[in-house]
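Presented below is the structure to which this report refers.
The values are calculated or read from the model by the stated rules, or taken from the named source; none is laboratory data. These numbers come from a predicted model, not from an experiment. Glycine gets a Cβ as well: all are built from the backbone with ideal geometry, and neighbour counts include every protein chain shown. Areas reflect the complete protein model, heavy atoms only, side chains present, ligands, DNA and RNA absent. Shrake-Rupley method; radii C 1.70, N 1.55, O 1.52, S 1.80 Å.
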Amino acid sequence: MYMEKAAKHGTITAILNVAQAYHSGLYGVEKNWVKAEKYYRKYTECSSACSDMDTHAPTYQILGKIAEMYQHGGHNLNKDPLKSGELYTEAAEAAMSAMNGRLANKWFMLAEEVWAECEEDEE
């Protein structure tokens with residue numbers, strides 16, 4: 001995939017597009033959430049390093065997407081409620097810092113839900 005070559009060279013738009021393609025199967029790409037997570041994380045690293053750059057998606061939204069993938073599992077990615085809860089909390093804290101309280105509250109609630117799932121599994 002041409003876009004993947006651009007992503008490997010650090011083009012931030014390409015990184016996000018490749019992540020979204022693997023996440024949702026865009027452009028005829030087979031869904032692969034392990035690869036989607038890899039590119040989403042690369043995107044958050046690049047967007048954090050280039051804070052003055054106009055990025056397409058805030059880091060907290062990307063963290064929320066990764067958390068959701070771990071919450072449900074599938075497409076080569078193992079379900080991990082504990083990791084999901086941690087990522088939802090990280091996304092919520094970042095959203096709160098960005099003055100997006102409503103979204104932060106949603107993610108804090110989702111974190112509590114997935115952690116409750118962990119407690120049920122232990123019983």
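Quick grid of which residues meet (1) within 14 Å of the chain's Cα centre (by Cα); (2) open to solvent by 20 Å² or more (accessible area, probe 1.4 Å):
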{"site": "3", "(1), (2)": "no, yes"}
{"site": "17", "(1), (2)": "yes, yes"}
{"site": "31", "(1), (2)": "no, yes"}
{"site": "35", "(1), (2)": "yes, yes"}
{"site": "38", "(1), (2)": "yes, yes"}
{"site": "43", "(1), (2)": "yes, no"}
{"site": "47", "(1), (2)": "yes, no"}
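Only one of 89, 59, 44, 13 is touching a His at 6+ places or on another chain (Cβ under 8 Å), hydroxyl-bearing (Ser, Thr, Tyr) and in contact (Cβ under 8 Å) with a residue 12 or more places away in the chain; which? So that I can check it myself, show each step before the final result.
On the way: 89 fails: touching a His at 6+ places or on another chain (Cβ under 8 Å); 59 fails: touching a His at 6+ places or on another chain (Cβ under 8 Å); 44 fails: touching a His at 6+ places or on another chain (Cβ under 8 Å).
Going through 89, 59, 44, 13 in turn, just one is touching a His at 6+ places or on another chain (Cβ under 8 Å), hydroxyl-bearing (Ser, Thr, Tyr) and in contact (Cβ under 8 Å) with a residue 12 or more places away in the chain: 13.
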Legend entry - Residue count, region 64-86 (criterion: farther than 16 Å from residue 116 by Cβ and either over 10 Å from the mean Cα position of the chain (by Cα) or open to solvent by less than 30 Å² (accessible area, probe 1.4 Å) (or both)): 9
Inset, instruction - Quick one: count up the residues across region 19-29 that are on the phi > 0 side of the Ramachandran plot and either of a type in the set (Lys, Arg) or open to solvent by less than 70 Å² (accessible area, probe 1.4 Å) (or both). - result: 1
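Can you pull out the residues in region 97-123 that are open to solvent by 90 Å² or more (accessible area, probe 1.4 Å) and either farther than 16 Å from residue 44 by Cα or in contact (Cβ under 8 Å) with a residue 60 or more places away in the chain (or both)?
As a first pass, look at region 97-123 and keep what is open to solvent by 90 Å² or more (accessible area, probe 1.4 Å): 97, 99, 102, 106, 109, 112-113, 119-123.
Within region 97-123, 99, 102, 106, 109, 112, 113, 119, 120, 121, 122, 123 meet the criteria.
Rundown of residues vs (1) of a type in the set (A, V, I, L, M); (2) at pLDDT below 95; (3) more than 24 Å from residue 95 (Cα to Cα), yes/no style:
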| position | (1), (2), (3) |
| --- | --- |
| 6 | yes, yes, yes |
| 9 | no, yes, yes |
| 12 | yes, yes, no |
| 23 | no, no, no |
| 29 | yes, yes, yes |
| 49 | yes, yes, no |
| 52 | no, yes, no |
| 64 | no, no, no |
